[in-house]
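A.B. asks: One structure is given below, represented as structure tokens, and several questions about it will come after.
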Amino acid sequence: MGKGNGVQNLMDDGIGIWGRLCGFIAVFCLLCLTVSFFTPTWSSTTAFSMGGGLNTVSEATFGLREYCLKGRTSTFVEDQFLCFEYDDMLEVKNRSSNADAIDLMYRGADGTSAICGAQKIAYLAAAESGQLDLGGSSWVNQTGCDRFDDVCDNSVIRILLTTSILAVVCGAMYSEKIPFFGTMLLVAMILGIAAIGVWNEWIQGLDSEFEPDTGLAIMATAVAMAFLGAILAAIDTCVGASRSGLFEDGIDLFGRMGSLLTVATWLFFAIAMVMPTWTEVSDLGRAGNLCNDDCLDAECSGIRATFGLLRYCMETAADLNGGAKKELVCMFYSEEVQIVGIAESINAFDRFESVDLKQSVEWTTIALSVGIGCAAFADIFSEKLLPSAILSAMAGAAGVVALSFWLALQTKLDGEVAGSAESSDGVYVVATAFCISFFTMIVYGVNACKAAKQGSDSTEA
């Protein structure tokens, strides 16, 4: 690798400043494409108007993998978003009228005051005797695929987005080949535009007025970055002395493998950051003061919860299905929420101050960000063997630090909650990224030794 091509010399490798900028732009583009895939809000509406039992829902968001409906719950004073994957079966209670009193939610007619203790008992007795008008109802059981036409059959969007990601990854593997790199970014831009167009065509077909949201904004940013990267690649090709030839550069199969693995490392770190589940709690109990026995139809037990880097989720009875089944409500840690029957509104960082939630989340995020930065630099300068080996080792170390902080938090949570706290998807993804970075370090290290030996033999000859 690097035989007589100056590939190991940072200032004499034929890649100009525009080509290096193209590499940085491509990393940001790939990051946006990946994050958009996991973002639950591509489009949103505050005037939701669909039947099928959803007559009590006024706000909704839609993403590639899931949709969220805002509704009343038994736990929170404010309405909350309940999110479902499209293939989840959702049993919805289809009321024939909007009753003043909502059964199983224990609220007054104003929708905010809590019905607790003795007042709740009297309320239930009145409901059973027919003194309260709860409205006629029937059940509508459908998956999201059935409720929203073509959302599951239309796999074109996912194919376009996935192909766009693969195009950038392919270009990143040959990032020192600036003309090829720029072409791949151009392909990614075209595919990204097509994905946005197909999504807009589908969302406008629903019976509500939707507005673009976070996911589409991230996608549009990715498209813009791909276009900018392609322009920078063209400039570097025209004014620089970019190296040509995909196979005549001294970079062997293991070198290309190392380049691919560096991309995989920081992508896995980035995916882990946006995953909603790092720890699963079987029974939250009274931890975080997120439960009020007097205002629920059961004691504070059997409440499943999850924790991620950005948000936490907990089960609660939902007015959407008449309280027949608990659903997960997810909130950002900084979001202040008020529990029914409890006057104050508190964010999750304060609720879980006893387990140092804020510090643990912040330090885990910082460590992962360092890991992403190290792996991204190794990706951009992937033809530089020894620096890439060192950067891969640093990325792996950052992953270990991130896991250490989070597992320490998980241990504290396990002592606070009524049930058990166990590792979930986010932890496993970070562990996988660490293993990849460790293997990448070995690949680059071996190739660096080979390149050094070849250089020494050439000098002796």
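A.B. asks: Pull out the extension gain between LEU310 and GLU362, defined as 0.36 nm times the separation in residues minus the alpha carbon to alpha carbon distance; nm, one decimal. The partial results should precede the final answer.
C.D. replies: Working: separation 52, 0.36 × 52 = 18.72 nm, distance 0.99 nm.
Between LEU310 and GLU362, full extension yields 17.7 nm more.
A.B. asks: Same structure, new question: Per 0.36 nm of contour for each residue apart, how much would the distance between CYS449 and LYS325 grow if the chain were fully extended, relative to their Cα-Cα spacing? List each step's numbers first, then the result.
C.D. replies: Working: separation 124, 0.36 × 124 = 44.64 nm, distance 6.05 nm.
Full extension from CYS449 to LYS325 adds 38.6 nm.
A.B. asks: Roughly what would the spin-label model give for SER282 and GLU78, points 7 Å off Cα along C-beta, in nm?
C.D. replies: About 3.3 nm separates the two model spin labels.
A.B. asks: Continuing with the same structure: Taking only C-alpha pairs under 8 Å that are 6+ residues apart, what is the relative contact order of region 314-378 in percent? Write down the numbers at each step before the final one.
C.D. replies: On the way: 45 pairs, mean separation 10.7, N = 65.
Answer for region 314-378 is 17 percent.
A.B. asks: Let me ask another. Once the piece of chain linking VAL239 and ALA431 is laid out straight, how much longer is it, given 0.36 nm per residue of separation minus the C-alpha distance between them? Display every interim value, and only then the final one.
C.D. replies: Details: separation 192, 0.36 × 192 = 69.12 nm, distance 4.28 nm.
That works out to 64.8 nm of additional length.
A.B. asks: Measure up LYS70/LYS325; LYS70/LYS358; LYS70/LYS326; LYS177/LYS384; LYS358/LYS412 against 22 Å on the Cα-Cα distance and list the ones that go over. Spell out each step's value before the answer.
C.D. replies: Working: LYS70/LYS325 16 Å; LYS70/LYS358 27 Å; LYS70/LYS326 15 Å; LYS177/LYS384 14 Å; LYS358/LYS412 13 Å.
Exceeds cut-off: LYS70/LYS358.
A.B. asks: Another one. Sort THR306, THR432, THR262 by Cβ crowding within 10 Å, fewest neighbours at the top. Provide the component values of the computation, followed by the final result.
C.D. replies: On the way: THR306 22, THR432 17, THR262 31.
Ordered from fewest to most neighbouring Cβ atoms within 10 Å, THR306, THR432, THR262 come out as THR432, THR306, THR262.
A.B. asks: Can you give me the distance in nm between label points at ASP87 and GLN142, each placed 7 Å from the Cα along the Cα-to-Cβ direction?
C.D. replies: Computed distance between label sites ASP87 and GLN142 equals 1.9 nm.
Any read-out appearing in this document is the output of simple, stated calculations on the displayed coordinates, not a laboratory observation. Being a predicted model, the structure only gives us computed values, none of them experimental. Cβ coordinates were reconstructed from backbone atoms using ideal geometry, including for glycine residues, and neighbour counts include every protein chain displayed.
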